[in-house]
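Here is the structure we will look at.
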Amino acid sequence: MIPQAFDYHAPKTLAEAVGLLARFGDDAKALSGGQSLIPLMKLRFAGPAHLVDINGIPGLDYLQEEGSTLKIGALVRQAQLEQSPVVKAKFPLLADAVRMIADPQVRNRGTLAGNLAHGDPANDQPAVMLALGAQVVIAGSKGERTLPIDKFFIGTLTTALNAGELVKEILVPIPPANSGGAYYKIERRVGDFAIVAVGSQVTLDKSGNCQKVGIGLTNAGPTPIKATKAEAFLTGKAPSEANLTEAGRLAAEMSDPASDTRAPADYKKAMVQELTIRTLRTAVARAKGGAA
Amino acid sequence: MSSHKVTVTINGQKRSAEVEARMLLVHFIRDYLRLTGTHVGCDTTSCGACTVLLEGQAVKSCTLFAVQAEGKTLQTVEGLAQGTALHPLQEGFKEHHGLQCGFCTPGMLMSAAGLLSRNPRPSEEEIRWGIAGNLCRCTGYQNIVKAVQFASDKMAKGG
């Protein structure tokens with residue numbers, strides 16, 4: 001399959017990249033890993049007249065802890081996250097999820113920033129970042145702005161990015177002690193998009209109650225969903241089976257899946273409920289285990 | 001529509017060609033550089049038959065543009081053997097019957113090569129995860145796993 005013809009640009013600086021994106025507006029797309037964009041272009045669902053390849057911009061592949069934040073640059077590949085000792089030690093939710101994304105070759109190219117900017121509710125990282133409470137740093141020709149991730153997803157394949165902007169970095173708060181997370185994904189076969197998946201992140205207080213709860217849903221509606229009702233219900237409560245079950249029910253209530261070739265909507269809702277309960281259970285166990 | 005001169009070092013040789021921006025890397029490799037060991041299977045980022053190493057990392061060459069490889073190092077299945085001496089992975093596939101029709105084999109070999117360069121002594125589970133981006137409809141994967149284990153053992157012994 002041959003994509004529609006386009007002009008290719010390979011800027012050497014971020015300023016040059018956003019300049020090009022601003023100049024071409026809606027006719028341009030930024031290319032990072034390209035593992036979602038290039039397939040769409042080959043299918044001619046996307047046909048940008050200009051492609052701004054940011055892969056040649058030095059200094060965007062950092063993955064570093066700074067104070068209580070993990071900063072993830074726009075060119076950090078999924079494989080880099082998968083192999084990172086920091087991710088393994090402090091972000092079990094992210095570690096669970098990243099190895100379930102597509103396959104090794106795709107993870108060698110695909111980036112976290114691109115995975116978010118694509119705005120696909122079937123992607124795994126949006127739910128993970130919603131559960132972790134990440135922030136997205138957006139660069140444009142007029143400067144930078146920072147947006148909480150729950151304000152980033154507007155519709156299917158639509159994000160808060162304006163024409164001329166790109167995701168420069170993602171800021172993920174490092175969970176305190178007594179935190180844990182988990183990601184469970186139901187898929188037809190390894191590497192496929194999720195039928196549905198759920199990511200949960202929990203911090204326990206000194207008495208063992210849930211101090212902070214984050215729950216993100218993958219492929220459970222037209223956008224990635226932050227299950228705020230379930231989070232609010234569980235916050236301040238004991239992680240008892242009864243409370244986890246109620247949180248699962250509330251998460252399913254917030255989901256809005258469509259029936260498709262993968263599964264009927266009622267099955268997906270039932271699985272959102274069950275996976276919410278299971279991920280919370282694992283997250284709490286990991287929080288108690290001392291590991292983040 | 002822009003066109004670009006692309007120069008790559010592929011299997012140790014410097015090669016260049018003028019290509020349209022929209023040319024996929026796999027077509028550049030097969031049609032311009034005439035290295036037809038790299039296959040096009042699904043053309044939808046699923047099957048892995050087009051896998052090559054880009055700067056030592058396994059990638060699906062149907063999901064990259066040739067212009068993105070400008071100035072980069074590539075390795076394809078043609079670059080595995082040293083003269084008439086098979087690469088340990090190729091030997092493993094031969095010894096353990098890691099192929100039947102052979103269509104997936106070039107991609108399978110390159111994924112395995114990428115895996116072993118990062119993790120020279122993978123467990124069986126790590127091998128299975130490592131080749132999860134490559135589909136084989138003949139073997140049932142069992143003998144491919146054995147072939148990769150053979151190569152890992154042989155390379156550890158300095159072979």
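The values are calculated or read from the model by the stated rules, or taken from the named source; none is laboratory data. Keep in mind that this is a model prediction, so the values were computed, not measured. We place every Cβ from the backbone using ideal geometry, glycine too, and count neighbours over all the protein chains shown. All accessible areas refer to the heavy atoms of the entire protein, side chains included, with ligands and DNA or RNA removed. Shrake-Rupley method; radii C 1.70, N 1.55, O 1.52, S 1.80 Å.
Data for the structure
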| read-out | value |
| --- | --- |
| Of A:K29/A:K142; A:K88/A:K168; A:K142/A:K226, pairs whose Cα-Cα distance is over 25 Å | A:K142/A:K226 |
| Cβ-Cβ FRET estimate between A:R249 and B:A156, R0 fixed at 45 Å, reported to 0.05 | 0.30 |
| Charged-residue dipole, Cβ positions (Lys, Arg, Asp, Glu), segment A:7-53 about Cα centre, Debye nearest 20 | 140 debye |
| Per residue value of the accessible surface for the protein assembly as shown (all protein chains in place, 1.4 Å probe), Å² | 41 Å² |
| Listed residues A:R189, A:R278, A:R99, most fluctuating in chain A (Gaussian network, C-alpha, under 10 Å) | A:R189 |
| Segment A:158-292 shape via C-alpha gyration tensor axes, a/c threshold 1.5 | oblate |
| Fraction of alpha-carbon pairs over 20 Å apart in segment B:3-79 - percent | 17 percent |
| For segment A:74-91, residues shielded by at least 10 square angstrom of accessible area compared with the chain on its own, probe 1.4 Å | A:Q83 |
| Drop in accessible area of at least 40 Å² in the complex versus isolated chain, residues of segment B:1-34, 1.4 Å probe | B:M1, B:R22 |
| Size of electric dipole in segment B:25-155: Cβ of Lys, Arg +1 and of Asp, Glu -1, about Cα centre, debye, nearest 20 | 80 debye |
| Distance (nanometres) between label positions extended 7 Å along Cα→Cβ at A:R44 and B:E124 | 4.8 nm |
| Rounded accessible area of A:K88 (nearest 10 Å², 1.4 Å probe) | 140 Å² |
| Charge dipole magnitude, Cβ of K and R +1, D and E -1 - chain A, Cα centre, debye nearest 20 | 460 debye |
| Proximal aspartates and glutamates relative to B:K72, as straight alpha-carbon distance under 17 Å, when same-chain residues fewer than 8 apart are discounted | A:D53, B:E18, B:E55 |
| Rounded percent of accessible protein surface that carbon and sulfur make up, the protein assembly as shown, 1.4 Å probe | 51 percent |
| Listed residues B:S46, A:S68 arranged by accessible area, highest first, probe 1.4 Å | A:S68, B:S46 |
| Cα gyration tensor, segment A:50-173 - rounded (a/c under 1.5), prolate or oblate | rounded |
| Of all DSSP beta bridges in chain A, antiparallel share, percent nearest 5 | 85 percent |
| Positions from segment A:96-124 whose accessible area shrinks by 40 Å² or more when the full protein complex is built, not the chain alone, probe 1.4 Å | A:R99, A:D103, A:P104, A:Q105, A:N108, A:R109 |
| Buried solvent-accessible surface, both chains (B, A), 1.4 Å probe, Å² to nearest 100 | 2500 Å² |
| Structure-based [θ]222 nm, chain B - -39500 (n - 2.57) summed over DSSP H runs of at least 4, per residue, nearest 500 | -8500 deg cm²/dmol |
